[in-house]
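The values are calculated or read from the model by the stated rules, or taken from the named source; none is laboratory data. The model shown is predicted, which means the values in this text are computed figures rather than measured ones. No Cβ is skipped: glycine too gets one built from the backbone with ideal geometry, and neighbour counts run over all protein chains shown.
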Amino acid sequence: MQQLDTLTRQARALANGGVLPGTPEAEVARQLQICNACRYCEGFCAVFPAMTRRLEFGKADVHYLANLCHNCGACLHACQYAPPHEFAVNVPQTMAKVRLQTYTDFAWPPSLGRLYQRNGLTLALAVAGALAFFMMFTLWLKDTLWRVPTPADFYAIFPHNLLVALFAPVFLFAVLALALGVRRFWREVTPGQDAAAAALAAVKTDAAMEATHDVLRLKYLDGGHGEGCNNEGDAWTLWRRRFHHATFYGFLLCFAATSVATLYHYLLGWVAPYDLPSLPKLLGAVGGLSLLVGTAGLFVLNLRRHPQHGDAAQKPMDRGFIALLFFTSLTGLALWLARGTAAMPVLLALHLACVMALFLTLPYGKFAHGIFRSAALLKWAIEKRLPSQLQLGDD
Amino acid sequence: MIDVLVIGGGNAALCAALMAREAGASVLLLEAAPREWRGGNSGHTRNLRCMHDAPQDVLVEAYPEEEYWQDLLKVTGGLTNEHLARLTIRASSTCRDWMRRHGVHFQPPLSGALHVARTNAFFMGGGKALVNAYYRSAEKLGVQIRYQAPVDRLDIQDGRFVAACVGAERIEAKACVLAAGGFESNRAWLREAWGQNADGEWPADNFLIRGTRFNQGVLIKHMMEQGADMIGDPSQSHCVAIDARAPLYDGGICTRIDCVSLGVVVNQNAQRFYDEGEDFWPKRYAIWGRLVAQQPSQIGYSIIDSKAIGRFMPPVFPGVKADSLSELAQKLGLDVDTFMRTLNGYNAACRVGIFDHTALDDCHTEGLAPAKTHWARPIDTAPFYGYALRPGITFTYLGLKVNDQAAVHFGGAPSDNLFVAGEMMAGNVLGKGYTAGVGMSIGTAFGRIAGTQAAQVAMKSGAIVEKTRAAA
């Protein structure tokens, strides 16, 4: 009977968009009820101003706010209710737990969502699999991993069309999976009844501009005062933001290098390899170095991170992703430096394996944070431009 | 020997330590609490009341000295010292650049606090962020900091500080600043101060402490015994009505209940006892602690209907919810018949005009005692909500008498090298009552004065010692 009651209550909670007791979502809802009665952290980021527009925190609200949270840590160190207080408020940590839930719940196809839950294993398997594949494939094609290639040409080992046939489908699948995942997320967190269509249309452009700006500048890692966010303790640092910038823009530059090279190949008929000072090489070299520095920095910061920040269970996912980016960049640069030497085939296999593992895990790993957070920032930029539905005495 | 010993670890203590260190003195700060609970009540604060003659970064318009002084005069009912009050007020207009240099950031008022946009500068992240910034700055400047170091007595000779004792350990210093808070966490003392009421109850037994558990008033009591000049009445405290489910200590700001003026409040006998709509809630919340303390069992129940939802700051705990008033009475454990008589009587007496909770509107009761003079609307729209209220003590006013150099006095004479700041002397400026952010103004002003004075005395005496040594 007791059980039936519980089930009935849970079913009702779900029907109302509520959260199930005992879940990370319920813990966020509990903590935000406390935060909403305090509000001291409003100046740090967008999460708290967004919170004050609500009185209750249903599943959609919790997922939206969790993805708006940048895990900067400012509110934990400033919190008068943080452990050892009996209210045990640790917003960054519970938000991190919900984010993993978001990625899992909204993954496409849904059955692959569980790859997030054991992401360290997922990554390890992807890397090992890709490595084995490219080593064996190279051996099978050329009988050896160690020889000086005659003309210093990657395509002598892997013909261009073969590479395209291998990578294009995986990459396009990653883009599709992420797009469908974030679309499902967007639909849940934007129930639509919030505002009239006309009001929405009026603010859309400005909101999109602001969200883009906030994403590209990582606005919410500045602590609200410009001195940065927290890492080891209550002191602020700008290094998390800087290393993230180096990583993000390094990644974009590498991506741009590949895109330019593709255009060269198909439009202009200029075939790789390119060398300095060609545009693909320039973009790739700068991007690769930036990616190396950024990921190395983020890794060190991650190791030193205050133990109460974030979700310890997600460390393998965070560090695995950082490491994969690092090795993708490292093998890429090494391949360039070792061109024309006997190490080239093995380095090529290594680099291709890293890239393949990265692409394979893109929709089911840490990369997703950027996509979901951008969506949450866009929602916030829209929402803040619309009038609040509450009339709290003093607002 | 250390130059300046600072006893306490909150805002006033930190201001004193930083100023003394900046003046070149060696400083040791003793915080009674462990590191994770450091900062005392300062960790629960959120702003500083600031005088300003023109708009100043986060502060709009002007809040001149005279207006600030009149506000203080009004809330204290004259229980203040004009000279010290004006000193505090003037200091509040110039201290913020110094605070910024030590890592404090200010921000415009939080949502729900626009009524103090002109008068109060908010700390970004609240008081704990401020405390963290001051500790970081103190460490960087070389202030020695010890946690879990509660001082239980001082060695004072002829009005001069000689040493402080932490258990068996004796710490000597050339000068000392006391900034260890009030005695609001000492429940036995509160019990004694409030005494027994006519029904034989000990009202203070039902009080909750909104702040730290470490303000036991050990040094206030000790200084009384040492014959220091005191100020204030031990039964006076800043006392507000808070959610009865709040923890015994450290409930802080979030346990407040802001819906009183939107409904009615009944006591344990299901009867109303005061005009809930007398004035705007921010101007009235501080009297409701005492009002509830005067009710049987020191409990009250704020009753609202669904018309009020979304019009007040969300409370930390959900209210008791019911689909009818009688069900609500039952759930709250109140006598249903009396409760219904009270509510029906109130509902019938409401004269609803144009409801506006941002103005002193014309919705009031007629022929009802006590009346509700504003925002009186029938409580008739289900679901209904009830919140149990208890008195919550923020801080006490009993403290040490000071002059404008923050010196402790013995028999009317200032001590040469013993100074006091913060809650331990706030009663000089704030004999009773309260207005938002003034506690931090007093703590900051007198903390900085005490630190400066202590450093000056210590370094002068140090110079004398050096000279004597050189001569010998």
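Some values worked out for this structure:
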{"read-out": "Criterion violated by residue A:161 - all others in (1) touching an Asp or Glu at 6+ places or on another chain (Cβ under 9 Å); (2) closer than 30 Å to residue A:109 by Cβ satisfied", "value": "(1)"}
{"read-out": "Restricting the stretch B:218-265 to residues that are within 14 Å of chain A (Cβ to nearest Cβ) and part of a helix (DSSP H, G or I), the residue that is farthest from residue B:149 (Cα to Cα)", "value": "B:262"}
{"read-out": "Given (1) part of a strand (DSSP E or B); (2) in the same structural domain as residue B:438 (by TED's automatic domain parsing); (3) crowded, with 22+ Cβ neighbours inside 10 Å, number of the condition residue B:387 does not satisfy", "value": "(2)"}
{"read-out": "Residue within the stretch A:357-375 that is closer than 22 Å to residue A:139 by Cα, outside any loop (DSSP other than H, G, I, E, B) and either out of contact with any Phe, Trp or Tyr (no Cβ under 7 Å at 6 or more places or on another chain) or away from every other protein chain (no Cβ under 14 Å) (or both) present", "value": "yes"}
{"read-out": "Checking residue B:153 against (1) in contact with a helix residue (DSSP H, G or I) (Cβ under 8 Å, 6 or more places away or on another chain); (2) within 14 Å of another protein chain (Cβ to nearest Cβ); (3) under 23 Å from residue B:420 (Cα atoms), the condition it does not meet", "value": "(2)"}
{"read-out": "Any hit, the stretch B:94-104, residues being more than 22 Å from residue A:37 (Cβ to Cβ) and facing another protein chain (nearest Cβ under 9 Å)", "value": "yes"}
{"read-out": "Complete set of residues in the stretch B:309-344 that are crowded, with 22+ Cβ neighbours inside 10 Å and either closer than 16 Å to residue B:378 by Cβ or in contact with a Pro (Cβ under 9 Å, 6 or more places away or on another chain) (or both)", "value": "B:325, B:328, B:339, B:342, B:343"}
{"read-out": "Positions within the stretch B:112-129 being of a type in the set (Val, Ile, Thr) and in a loop (DSSP other than H, G, I, E, B), in sequence order", "value": "B:119"}
{"read-out": "Flag if residue B:396 is of a type in the set (Ser, Thr, Tyr), surrounded by 20 or more Cβ atoms within 10 Å (Cβ to Cβ) and at pLDDT below 95", "value": "yes"}
{"read-out": "Within the stretch B:107-126, tally of residues that are closer than 21 Å to residue A:223 by Cβ, more than 7 Å from chain A (Cβ to nearest Cβ) and buried (at least 22 other Cβ atoms within 10 Å of the Cβ)", "value": "4"}
{"read-out": "Residue match in the stretch A:299-308 (condition: surrounded by fewer than 20 Cβ atoms within 10 Å (Cβ to Cβ), closer than 24 Å to residue A:230 by Cβ and of a type in the set (Phe, Trp, Tyr))", "value": "yes"}
{"read-out": "Those residues of the stretch B:69-104 which are closer than 18 Å to residue B:443 by Cβ and free of Cβ contacts under 8 Å to residues at least 60 places away in the same chain, in sequence order", "value": "B:86, B:90, B:93, B:94, B:96, B:97, B:100, B:101, B:103, B:104"}
{"read-out": "Single unsatisfied condition, residue A:281 versus (1) more than 25 Å from the chain's Cα centre (by Cα); (2) within 14 Å of chain B (Cβ to nearest Cβ)", "value": "(2)"}
{"read-out": "Within the stretch A:112-125, considering residues that are under 19 Å from residue A:176 (Cα atoms) and in contact with a Ser or Thr (Cβ under 7 Å, 6 or more places away or on another chain), the one surrounded by the fewest Cβ atoms within 10 Å (Cβ to Cβ)", "value": "A:114"}
{"read-out": "Subset of the stretch B:94-106 (residues that are of a type outside the set (D, E, K, R) and either buried (at least 18 other Cβ atoms within 10 Å of the Cβ) or not in a helix (DSSP H, G or I) (or both))", "value": "B:95, B:99, B:102, B:103, B:104, B:105, B:106"}
{"read-out": "Residue identified as under 14 Å from the mean Cα position of the chain (by Cα) and part of a loop (DSSP other than H, G, I, E, B) among B:353, B:431, B:443, B:427", "value": "B:431"}
{"read-out": "Subset of the stretch B:6-57 (residues that are within 14 Å of chain A (Cβ to nearest Cβ), more than 19 Å from the chain's Cα centre (by Cα) and in a helix (DSSP H, G or I))", "value": "B:35, B:36"}
